[in-house]
1. If ARG88 satisfies every condition in (1) within 20 Å of GLY159 (Cα to Cα); (2) free of Cβ contacts under 8 Å to residues at least 12 places away in the same chain; (3) basic (Lys, Arg) but one, which is the exception?
2. For residues in the range 121-136 being surrounded by fewer than 23 Cβ atoms within 10 Å (Cβ to Cβ) and out of contact with any His (no Cβ under 8 Å at 6 or more places or on another chain), which is farthest from ALA22 (Cα to Cα)?
3. Quick one: count up the residues across the range 1-29 that are assigned to a strand (DSSP E or B) and either closer than 16 Å to ASP199 by Cβ or basic (Lys, Arg) (or both).
4. Working only within the range 261-279, note down all residues that are assigned to a helix (DSSP H, G or I) and touching a Leu at 6+ places or on another chain (Cβ under 7 Å).
5. If you check every pair at least six apart or on different chains, which have Cβ atoms under 9 Å apart with a residue in the range 186-201 that is on the phi < 0 side of the Ramachandran plot first and a residue that is surrounded by fewer than 16 Cβ atoms within 10 Å (Cβ to Cβ) and of a type in the set (Val, Ile, Thr) second?
6. Going by the structure shown, is GLY100 touching a strand residue (DSSP E or B) at 6+ places or on another chain (Cβ under 9 Å) and either crowded, with 19+ Cβ neighbours inside 10 Å or without any contact (Cβ under 8 Å) to a residue 24 or more places away in the chain (or both)?
7. Evaluate the following for VAL40: is it modelled with pLDDT of 95 or more, within 30 Å of LYS218 (Cα to Cα) and crowded, with 20+ Cβ neighbours inside 10 Å?
8. Looking at the range 24-65 only, could you name the residues that are in contact with a Cys (Cβ under 8 Å, 6 or more places away or on another chain) and within 20 Å of ALA82 (Cβ to Cβ)?
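The values are calculated or read from the model by the stated rules, or taken from the named source; none is laboratory data. Owing to the predicted nature of the structure, the values given are computational and were not obtained by experimental measurement. For neighbour counting, all protein chains shown are included, and Cβ atoms are generated from backbone atoms with ideal geometry for every residue, glycine included.
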Amino acid sequence: MQRILSGIQPSGVPTLGNYLGAIRNWVALQRDHECLFCVVDLHAITVWQDPATLRSATRELAASFIACGIDPKAQVLFHQSAVPAHVRLGWIFNCVARLGWLNRMTQFKDKAGKDREQVSAGLYVYPNLMAADIHAYHATRVPVGDDQRQHLELANDIGQKFNHDFGVEFFPVIEPLILGPAARVMSLRDGTRKMSKSDPSDQSRINLTDDADTIALKIRRARTDPDALPHEPQGLEGRAEARNLVGIMAALLDQDVAAVLREQGGKGFGAFKEELAALLVEKLGPIAAETRRLLADPGTLDAILRDGAARAAAIADPIVAEAERLVGFLKV
């Protein structure tokens, strides 16, 4: 059974994009993989976070994972900062990775923009810690979106350079898993941009905790164009917002876009949006209700995270201790 690790930052309420692009697929992977699911709070502080908000968001994300179907008894659910092995291996990887490798990371360039000199060093070395997150568990498969594929390639480069430098075959090769029919759910306000928890406009996304009225209002307000829906996928070319909404419906129904358009083609967006909103409420309503139930009992939620951290550490600590021994750290 292959070991899988994946995580999401607690930088806001999980969105429909997180659910369709990641969490829903994680639930399916539980059937035939050993899984570790991580709330990556260390990565979150690469940009400043209000401490109280970060603690709250960490619990909220963990509750959402469970509400979506992650089983914290069968699998390992934990928050990253509770397992020091991540930071220990992350520092070693800071010393293994080359500056030239990090300079090629396109996501850093996108996030830093013109203020490159003002961003945190943590944002720059973020990919090294991501590599440590995976290699600390000798995970061999990682579900990622296309935007993280470059980081995964770097994680393999780091692992293989470590192996070469110390003459060992210690860190295994990691395989990316690109899963799901809606790996990239786009903003409701701009169909060319990915739906994001950190977008300043709450109208740009569907949050997993949104109630029925909020979901319906956001879908009604979602940007579209004046033309009716086409009967075939080719008719969505150049229509980013229409393609996004049709893709969301297809993912929720576990159908392809062509099947949705055979049913919906010719309709105006008014009628289509009403159907899409009703479908979203049907699928997300139970998740929101269960999330609220879990958050009402923070003691139990914290106990789940403590147990997960202990189980994660039991896997990671021996692996990282061996990496430290290979580096030459004195163990007394």
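1. Of the numbered conditions (1) within 20 Å of GLY159 (Cα to Cα); (2) free of Cβ contacts under 8 Å to residues at least 12 places away in the same chain; (3) basic (Lys, Arg), the odd one out for ARG88 is (2).
2. Looking at residues that are surrounded by fewer than 23 Cβ atoms within 10 Å (Cβ to Cβ) and out of contact with any His (no Cβ under 8 Å at 6 or more places or on another chain), I get ALA121.
3. Pass one, the range 1-29, residues assigned to a strand (DSSP E or B): 3-8, 15.
Now drop any that are not either closer than 16 Å to ASP199 by Cβ or basic (Lys, Arg) (or both), which leaves 3, 8, 15.
Residues flagged as assigned to a strand (DSSP E or B) and either closer than 16 Å to ASP199 by Cβ or basic (Lys, Arg) (or both) within the range 1-29 amount to 3.
4. Hits for the range 261-279 are LEU261, GLN264, PHE272, LEU276, LEU279.
5. MET186/THR192; SER198/VAL47
6. On the way: touching a strand residue (DSSP E or B) at 6+ places or on another chain (Cβ under 9 Å): no; either crowded, with 19+ Cβ neighbours inside 10 Å or without any contact (Cβ under 8 Å) to a residue 24 or more places away in the chain (or both): yes.
Considered against the rule, which asks whether it is touching a strand residue (DSSP E or B) at 6+ places or on another chain (Cβ under 9 Å) and either crowded, with 19+ Cβ neighbours inside 10 Å or without any contact (Cβ under 8 Å) to a residue 24 or more places away in the chain (or both), GLY100 comes out as no.
7. Numbers: modelled with pLDDT of 95 or more: yes; within 30 Å of LYS218 (Cα to Cα): yes; crowded, with 20+ Cβ neighbours inside 10 Å: yes.
Yes.
8. To start, the set of residues in the range 24-65 that are in contact with a Cys (Cβ under 8 Å, 6 or more places away or on another chain) comprises 24, 26-27, 29.
Selection gives TRP26 alone.
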